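Q: The structure under discussion is supplied below as structure tokens; questions concerning it will follow.
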Amino acid sequence: MKAASPLPREFYLRSPAEVAENLLGKILVRVIDGKRLSCRIVEAEAYYGPEDPASRARRGGDLKRTMFGDVGIALIYGIHRQWLLNVVAHEEGDPGAVLIRSGEPLDGVELMKELRGVDDPHLLTSGPGRLTKAMCIDKSFHGKPVYVRDYGLWIEEGEDISSDLIAKSHRIGVSDDLPTPLRFYIRDNKYVSRRK
């Protein structure tokens with residue numbers, strides 16, 4: 001697949017929900033030893049500040065500082081022995097981030113299969129932990145910008161997804177959620193982590 005420009009920093013300088021929805025169709029890229037791995041983002045969730053009961057900003061420490069910090073920065077934390085990739089996104093002065101929940105594999109599928117230890121392409125990147133393992137994304141990317149190619153991980157231009165193809169729901173695995181649906185995914189896409 002032909003390389004495109006990384007999305008600019010300004011793309012992330014908006015409300016997390018707007019960024020999460022607009023990330024659908026964009027391309028997550030990881031380069032390992034000159035090999036390009038990529039997937040089309042098909043599912044993302046928005047997270048806000050301390051008023052959001054599911055937000056990492058409620059816990060304090062480095063994750064909270066990162067969510068309040070500069071936009072377009074990778075925010076990576078571990079849960080259930082898996083790394084989760086988030087990107088800091090918010091309006092000026094507010095905290096926020098977007099969790100990349102799943103993608104549709106494009107480049108480097110054979111290497112992804114090797115990294116994940118599975119053969120079924122539908123199981124490669126259909127979930128936040130699967131995605132980071134398939135694309136060899138770990139804590140070393142925490143705090144690095146995803147709007148430049150310098151660190152081997154970025155998000156680039158892809159396609160704009162028509163609003164009638166986008167579905168919304170409450171976030172997955174969140175017991176105390178905000179009333180507004182903050183999970184966005186491409187309707188009927190077989191790589192979405194959970195479909196109802």
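The values are calculated or read from the model by the stated rules, or taken from the named source; none is laboratory data. All figures in this text were calculated on a predicted structure; none of them were measured in a lab. Note that each Cβ is placed from the backbone with ideal geometry, even for glycine, and that neighbours are counted across all protein chains shown.
Q: Hey, among the residues in the range 112-145 that are touching a Leu at 6+ places or on another chain (Cβ under 6 Å) and hydrophobic (A, V, I, L, M, F, W, C), which one's nearest to GLY69 (Cα to Cα)?
A: So, considering only residues that are touching a Leu at 6+ places or on another chain (Cβ under 6 Å) and hydrophobic (A, V, I, L, M, F, W, C), the one nearest to GLY69 (Cα to Cα) is PHE141.
Q: A further question follows. Considering each residue of the range 1-32, count those that are within 11 Å of the chain's Cα centre (by Cα) and part of a loop (DSSP other than H, G, I, E, B), and give that number.
A: Of the residues in that region, 2 qualify.
Q: Next question. List pairs: first residue in the range 33-50 and without any contact (Cβ under 8 Å) to a residue 60 or more places away in the chain and closer than 22 Å to GLU92 by Cβ, second residue polar (S, T, N, Q) and crowded, with 24+ Cβ neighbours inside 10 Å anywhere in the structure, Cβ distance under 8 angstrom, at least six positions apart or on different chains.
A: Cβ pairs passing all conditions: none.
Q: Also: Would it be correct to say that ARG58 is without any contact (Cβ under 8 Å) to a residue 40 or more places away in the chain, surrounded by fewer than 22 Cβ atoms within 10 Å (Cβ to Cβ) and either closer than 21 Å to HIS170 by Cα or under 11 Å from the mean Cα position of the chain (by Cα) (or both)? Show your work before the answer.
A: Numbers: without any contact (Cβ under 8 Å) to a residue 40 or more places away in the chain: yes; surrounded by fewer than 22 Cβ atoms within 10 Å (Cβ to Cβ): yes; either closer than 21 Å to HIS170 by Cα or under 11 Å from the mean Cα position of the chain (by Cα) (or both): yes.
Here the answer is yes, as ARG58 does meet what is asked.
Q: In this structure, is VAL42 farther than 22 Å from GLU104 by Cα, of a type in the set (A, V, I, L, M, F, W, C) and modelled with pLDDT of 95 or more?
A: It is false that VAL42 is farther than 22 Å from GLU104 by Cα, of a type in the set (A, V, I, L, M, F, W, C) and modelled with pLDDT of 95 or more.
The rows are residues; the columns are (1) surrounded by 18 or more Cβ atoms within 10 Å (Cβ to Cβ); (2) at positive phi; (3) outside any helix (DSSP H, G or I); (4) in contact with a helix residue (DSSP H, G or I) (Cβ under 6 Å, 6 or more places away or on another chain).
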position	(1), (2), (3), (4)
VAL118	no, no, yes, no
HIS122	no, no, no, no
ILE137	yes, no, yes, no
SER140	no, no, no, no
GLY143	no, yes, yes, no
ARG149	no, no, yes, no
GLY158	yes, no, yes, no
ASP164	no, no, no, no
SER175	no, no, yes, no
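Q: Select from the range 177-194 the residues that are surrounded by 13 or more Cβ atoms within 10 Å (Cβ to Cβ) and either in a strand (DSSP E or B) or not aliphatic (A, V, I, L, M) (or both) and list them in ascending order.
A: ASP177, PRO181, ARG183, PHE184, TYR185, ILE186, ARG187, ASN189, TYR191, SER193, ARG194, listed by residue number.
Q: Same structure, new question: Starting from residues that are in contact with a Phe, Trp or Tyr (Cβ under 7 Å, 6 or more places away or on another chain) and at pLDDT 95 or above, keep the ones in the range 99-125 and report whichever is nearest to VAL87 (Cα to Cα).
A: This residue is LEU99.
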